[in-house]
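Only the coordinates and a few stated rules stand behind these numbers; no lab work does. Predicted model only: the values in this text are computed from it and were never measured. Note that each Cβ is placed from the backbone with ideal geometry, even for glycine, and that neighbours are counted across all protein chains shown.
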Amino acid sequence: MIHPEKRIHCKKYRIVQNEEPVPGHRLMCLHAPEIAAGAKPGQFLHVRCADSTDPLLRRPISIHRVRRDEGLLFMFYRVAGRGTSLLTAKREGEEIDVLGPLGNGFELPSPGERVAVVGGGIGAAPLFFLVDEIMAEIHKRGADLTDEQDTARQALDFYLGAATGSLLPSLNSFLVRGVRVHMATDDGSVGYHGTVTGLLQQHLDEQTHIDRIYACGPAPMLRAIDELAIRRGIRGQLSLEERMGCGVGACLSCACKIKNFSGDGFTYKHACSDGPVFNIGEVWYGH
Amino acid sequence: MIHPEKRIHCKKYRIVQNEEPVPGHRLMCLHAPEIAAGAKPGQFLHVRCADSTDPLLRRPISIHRVRRDEGLLFMFYRVAGRGTSLLTAKREGEEIDVLGPLGNGFELPSPGERVAVVGGGIGAAPLFFLVDEIMAEIHKRGADLTDEQDTARQALDFYLGAATGSLLPSLNSFLVRGVRVHMATDDGSVGYHGTVTGLLQQHLDEQTHIDRIYACGPAPMLRAIDELAIRRGIRGQLSLEERMGCGVGACLSCACKIKNFSGDGFTYKHACSDGPVFNIGEVWYGH
Amino acid sequence: MGINLAVNIGGIKMKNPVTTASGTFGFGSEYGRIIDLNRLGAIVVKGTTLLPREGNPTPRIAETPSGMLNAIGLQNPGVDSFIREALPFLRDYDLPVIVNIAGDTVEDYAKLAGILDRAGGVAGIEVNISCPNVKKGGLQFGSDPESAAEVIRNVRQATSLPVIVKLSPNVTSIVAVAEKVAGAGADALSMINTLLGMAIDIKSRRPVLGNIMGGLSGPAVRPVAVRAVWQVYQAVKLPIIGMGGITCAADALEFIMAGATAVAVGTANFVNPRATVEVLEGIERFMAENGIKDIAELVGIAHRC
Amino acid sequence: MGINLAVNIGGIKMKNPVTTASGTFGFGSEYGRIIDLNRLGAIVVKGTTLLPREGNPTPRIAETPSGMLNAIGLQNPGVDSFIREALPFLRDYDLPVIVNIAGDTVEDYAKLAGILDRAGGVAGIEVNISCPNVKKGGLQFGSDPESAAEVIRNVRQATSLPVIVKLSPNVTSIVAVAEKVAGAGADALSMINTLLGMAIDIKSRRPVLGNIMGGLSGPAVRPVAVRAVWQVYQAVKLPIIGMGGITCAADALEFIMAGATAVAVGTANFVNPRATVEVLEGIERFMAENGIKDIAELVGIAHRC
Ligand SMILES: Cc1cc2nc3c(=O)[nH]c(=O)nc-3n(C[C@H](O)[C@H](O)[C@H](O)COP(=O)(O)OP(=O)(O)OC[C@H]3O[C@@H](n4cnc5c(N)ncnc54)[C@H](O)[C@@H]3O)c2cc1C
Ligand SMILES: Cc1cc2nc3c(=O)[nH]c(=O)nc-3n(C[C@H](O)[C@H](O)[C@H](O)COP(=O)(O)OP(=O)(O)OC[C@H]3O[C@@H](n4cnc5c(N)ncnc54)[C@H](O)[C@@H]3O)c2cc1C
Ligand SMILES: Cc1cc2nc3c(=O)[nH]c(=O)nc-3n(C[C@H](O)[C@H](O)[C@H](O)COP(=O)(O)O)c2cc1C
Ligand SMILES: Cc1cc2nc3c(=O)[nH]c(=O)nc-3n(C[C@H](O)[C@H](O)[C@H](O)COP(=O)(O)O)c2cc1C
Ligand code: FES
Ligand code: FES
């Protein structure tokens, strides 16, 4: 008696690859056809890092990409602490216990909209799946368009920010045709010298037109994007992070402050089940 | 300010080998020259099986053998539960955290004594080191002996018992020149059909002369050996097992009942520091 | 196989002894996407209060060695919304629903019990007098045997449903509390709620949890929970739902042998969403392998072996 | 580096805040074969009684998730033998020796304190009113604030040595006990002793420990211990030795930030015999990296940040 459409899978999946494209970061690929089949951009996995009770809890990792035809699921993760360190020790051919797909996922843009995707650091990970889906849609539609329309619409601006440059060129290399990448680093080592929001702001000031923004990254970045988008009337979505227990909406630990009905206060929603994706303008950033 | 002679080492040592000579058993070899240099037969190591706090405690494993010249230390262990299972996953080249050498070790026989060594199941593991040392001593002395004396003395009887035969032939193959192996299995699949104590008893009844017995194995076997040896006035030693915390005599968890001064009751001694080797006749087996 | 797994918890008939720990299984629908809820002996839902509660500020959880701290703060939509929105979903299952209740005052508890008595589809009430994560009520009632008894007397009067009292381990004598609430009309006991704990983030030099202190649960607390069940089983003749760190059948059997008639899986659901079902299957296997025909034979057996 | 690590625990001058938890470090000589004892701020030796004690039947320990249960039962050679045989070894070190004492009666405690007062080479007394592993005395005294105070008043009169009181977490309010013993003349507090727990061997269907119940220690209990230190620091103005699951400097810093002036390493010694030294080195590193000149700056800082 489990509703097939709502089904969440919890199983051990075989690791196809777990390499280190950038120091301190790993790209892990699983053979997980059931999850790959139903996954949407913005959704995540809840991963068990050890067979031991220490560390006890699963770790949430976004779905970085999928290759549905081959049943492959990718995660791109930063080695942040004990759980992610344990993941680095897993080898090709071993299995890991994964729960997913979880969360609501992004709402895709309407046809013809100009889209900016903004990733801060490892927050870029889930945006690749989003970019892949948007571009696939554009390329599919592209067949019906004139050349002119094509140039204008077959494009998407992907803003990547980081503290320093090591991560960025590697992320860039993963991308597909038609994606314009703009990079920003806090130390200026690669691309624009400053925050990725600063860079986006500059482009908007220079008359770049954007209909929709998607962002994932550190909280201050998301807040800046939220403000900027509200100010300019741009719609879009943010993907939030919170500490998670269950990952499925049962434990109520991953509470996020969401503006209440009247907008003068907040109510708690849950990153794992109501999110992790929330609309721009919806998140309560306090006063 | 650590007394060099009393020094116990606690360090990570490199694994040189961790193979499965018999199903469910592993032979692990470490490069641990400091420990190998000072170790005595009957001593043991306290091994950390995981970096996690679950499982938390170290596991006591006997020193199975040493190759002092190469700085090698061997452990022969049965996969009994979680800790030992985790050890099986360690690969050549990895390091494990070992504390040792611990415990008192066996007292070697006097020159010319006829020795029986009795191992029950995995309890045979530490006896190989003992046999190696006794035989080395015999061979050294052997150079000065006449041929006749040689035949009589260059021998040692190693009794190996087990529930069934799978472990025994493999143990046998590890042995050196001059060791006479006698095998017994509860199911009769290899060697004598019955307990190893039954076999020893038979040999003693048949006039085999033994001056000294060393034994390690399950508690009922040790108790039988103790009784048999006391009855026949044979000296010797038993190596006991107890659950251990610290392994160094600090926590008092590994208490063994040892006859008290008057012999009508017991006092507790500690397997890790007063033992694990105790004299025959010393252990209190209750009434 | 002819094995009887059915148990009776103070009038609640469970087809097997495996249930869920309140607050770790939501209102059931969440885990219903992963396992078949009909396999459970009963479901104990998230703690419910008279009025909706927002809960505590974040972070609400922290991982600790073999355990976790939580300070959810009883976030819940309130009992009316629960009855209207969550309960109907559970009526589709063949599953006794036990509702965990919490209040600021004795009257709150009694009102809740009365409301749930009339709601329909509720098999029993679990009275949480042991929540460490709320300012008023909660643990305050649970740590004093007299106040605990006072709550239970009032709940008892307000409902004819079976009343299970959830006990706190944060007391000098859990037996003293158990004895008092037994005298006040409890039909069953459940134990343990979380241990009061905290963690400090040494980088920020502040408590990790938004609420400062929280409740410790998970495998780390299991020895404390087994001990509590052992002690209370000796002193009080009420059925016990044992919980605290159960992850597998072996863990559950420890509780049963210590004296628990049923067991609840809590934190382990987060780690392994299939834990309840695996606990059940493992108990069945243990009984088959050991020739045990009725789970009742195992209850408290460690006191007799 | 110009960093001050020295602390004062009720008159006991320690060159650094790292000491050992009683019963986990023997009388020092055992770990003196692995580490240099002179690195320690102080040593707290195994619990001592008036007469020798055999301790409890085996098994005396059981491993649990991130912890262990012990029921050693205060095995020790008695105070006279301790003074004659174990103390001289420690006099060779530059190290305050704190002697942990336990008794069946208030008089036992007072006598022990008197004997140790005259022994020479003893820097302070830690009064164990919280041992869960003995029939009489022990936890009995520690769980009732009045009895605890009674013990301490008598010990106070029998000795001019600094008196540290070791508190039990197995109480409804550790603060209530702390306040009472502070009033009775304690110079410092140490916390926590073990949590009362047990485990059952499902194969034999019997409790694992020979003594049935035992004390839970190790990383599993750390959140409970940090919480106890936090609560007592707010209520009582005595220096605290914090312990319970400390394995590394980060753990120790949690206790210090919660309000402990010193820390003791217990169960972790079994897992990593170098734990004390590593905790010390890690604290030094943390202070250097964070520009902290005196460890006193960190004590209780989590209450102020
Ligand atoms: C919905 C979601 C998607 C995520 N996707 C990715 C991704 O694709 N790639 C990636 O590298 N990271 C991602 N993260 C962050 C990732 O979950 C943390 O880096 C990871 O949990 C750290 O675990 P650790 O044991 O290595 O670190 P520790 O710091 O040791 O973890 C301690 C505890 O804190 C929690 N925690 C620590 N950091 C975070 C965090 N940022 N968010 C939530 N919980 C945290 C851990 O889960 C754990 O319970 C995501 C987080 C969320 C909530
Ligand atoms: C001095 C000594 C020397 C030993 N030498 C060897 C050896 O050379 N080869 C070998 O295979 N085994 C040896 N053992 C037994 C070995 O220690 C256990 O098999 C091992 O601890 C089991 O750990 P586990 O986690 O796999 O099993 P689990 O059953 O999961 O262990 C649970 C707990 O019980 C303890 N425990 C379980 N069995 C024993 C036991 N027999 N003795 C002591 N503690 C136990 C464990 O250490 C652990 O704390 C020796 C034991 C002692 C005391
Ligand atoms: C996130 C979380 C929320 C909880 N909420 C409640 C609750 O609302 N009511 C209640 O009585 N117990 C609550 N508990 C306690 C559990 O029901 C259970 O008693 C405790 O966690 C011990 O079991 P475990 O170790 O298996 O989790 C909660 C526990 C957790 C971890
Ligand atoms: C094996 C063992 C023996 C102990 N013996 C004593 C004792 O004799 N006196 C005492 O006050 N505490 C005793 N304790 C408690 C410890 O001193 C300490 O309070 C407790 O273990 C918590 O610290 P930990 O988690 O670091 O071990 C003992 C603990 C263990 C594990
Ligand atoms: S993680 Fe449990 S509700 Fe979100
Ligand atoms: S194991 Fe600690 S004294 Fe033997």
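Taking θ as phi - 60° and the Karplus parameters 6.51, -1.76 and 1.60, the scalar couplings of segment A:179-187 work out to 9, 8, 9, 10, 10, 9, 10, 4, 9 Hz in sequence order, x denoting glycine and proline. Relative contact order of segment B:9-102: 42 percent, from C-alpha pairs under 8 Å at least 6 residues apart in sequence. Tell me, rounded to the nearest percent, the portion of alpha carbon pairs in the protein assembly as shown spaced more than 46 Å apart. The proportion of pairs with Cα distances above 46 Å equals 41 percent. Considering only alpha-carbon pairs that sit under 8 angstrom and 6 or more positions apart, the relative contact order computed for segment B:115-243 is 28 percent.
Packing-based ranking of C:45-53, D:66-74 yields D:66-74, C:45-53, ordered from highest to lowest mean Cβ neighbour count within 10 Å. Of the residues C:Ala220, C:Ala252, C:Ala148, the one that moves most in a GNM of chain C with alpha-carbon contacts below 10 Å is C:Ala220. Let me make sure I get this right: for chain C, a, b and c are the square roots of the gyration tensor eigenvalues over alpha carbons, sorted descending. Under 1.5 in a/c it's rounded, otherwise prolate if a/b > b/c, else oblate. Which is it? Rounded is the answer for chain C, as its axis ratio a/c remains below 1.5. Two tests apply to each whole DSSP H helix in chain C, Cα reach of 27 Å or more along its axis and mean Kyte-Doolittle hydropathy of at least -1.0, and none passes both.
Only helices enter this figure: runs of n ≥ 4 DSSP H residues, each worth -39500 (n - 2.57), summed and divided by the residues of chain B, yield -6500 deg cm²/dmol at 222 nm to the nearest 500.
Against the main long axis of the alpha-carbon atoms of chain A, helix A:196-205 sits at an angle near 30°. Per-peptide packing, taken as the mean over residues of other Cβ atoms within 10 Å, places A:27-36, C:264-273 in the sequence C:264-273, A:27-36 from highest down.
Amide H to amide H distances under 5 Å link C:Gly47 with C:Gly23, where only residues 5 or more positions off or on other chains count and H is placed in the peptide plane. For the segment C:202-211, counting C-beta atoms of other chains within 10 Å of every residue's C-beta and taking the mean gives 5. For segment A:9-102, list log₁₀ I(q)/I(0) at each q in 0.16, 0.20, 0.25 Å⁻¹, using the Debye formula over Cα point scatterers of equal strength and ignoring solvent, two decimals each. Here the Debye-derived log intensity ratios amount to -0.57, -0.91, -1.45. Restricting attention to chain C, close to 40% of DSSP beta bridges with both partner residues there are antiparallel. Only DSSP H runs of four or more residues enter the estimate; each adds -39500 (n - 2.57), and after division by the residues of chain C the mean residue ellipticity at 222 nm equals -8500 deg cm²/dmol.
Sorting B:Arg82, A:Arg180 from the fewest to the most surrounding beta carbons within 10 angstrom yields A:Arg180, B:Arg82. Inter-chain Cβ neighbour count for B:250-263, averaged per residue, equals 5 (cutoff 10 Å, partner chain atoms only). Please say if chain A is rounded, prolate or oblate, where rounded means a/c under 1.5 for a ≥ b ≥ c the square roots of the C-alpha gyration tensor eigenvalues, and otherwise the choice is prolate for a/b larger than b/c and oblate otherwise? In terms of gyration-tensor shape, rounded. Rounded to the nearest 10 degrees, the angle from helix B:127-142 to the longest Cα principal axis of chain B is 60 degrees. Can you give me the C-alpha center-to-center distance between segment D:83-128 and segment D:163-200, rounded to a whole angstrom? For segment D:83-128 versus segment D:163-200, the Cα centre distance is 20 Å. Once C-alpha pairs closer than 8 Å and six or more residues apart are averaged by separation and normalised to the residue number of chain D, the relative contact order reads 21 percent. Seen against the Cα atoms of chain B and their longest principal axis, helix B:219-232 is set at about 30 degrees. Highest GNM mean-square fluctuation among A:Phe74, A:Phe266, A:Phe44, for chain A modelled with Cα contacts below 10 Å: A:Phe266. Counting Cβ atoms of other protein chains within 10 Å of each residue's Cβ and taking the mean over peptide C:241-247 gives 1. Distance between the C-alpha centres of segment A:1-68 and segment D:277-305: 39 Å, rounded to the whole angstrom. Comparing C:Gly23, C:Gly197, C:Gly103 in a Gaussian network model of chain C, where Cα atoms under 10 Å apart are tied by springs, the biggest mean-square fluctuation is seen for C:Gly197.
Shape call for segment A:115-243 from the C-alpha gyration tensor, a ≥ b ≥ c root eigenvalues: rounded (a/c under 1.5), prolate (a/b greater than b/c) or oblate? Judged from the Cα gyration tensor, segment A:115-243 comes out prolate (a/c at least 1.5, a/b above b/c). Centroid-to-centroid, using Cα positions, segment D:64-80 and segment B:253-282 are 18 Å apart.
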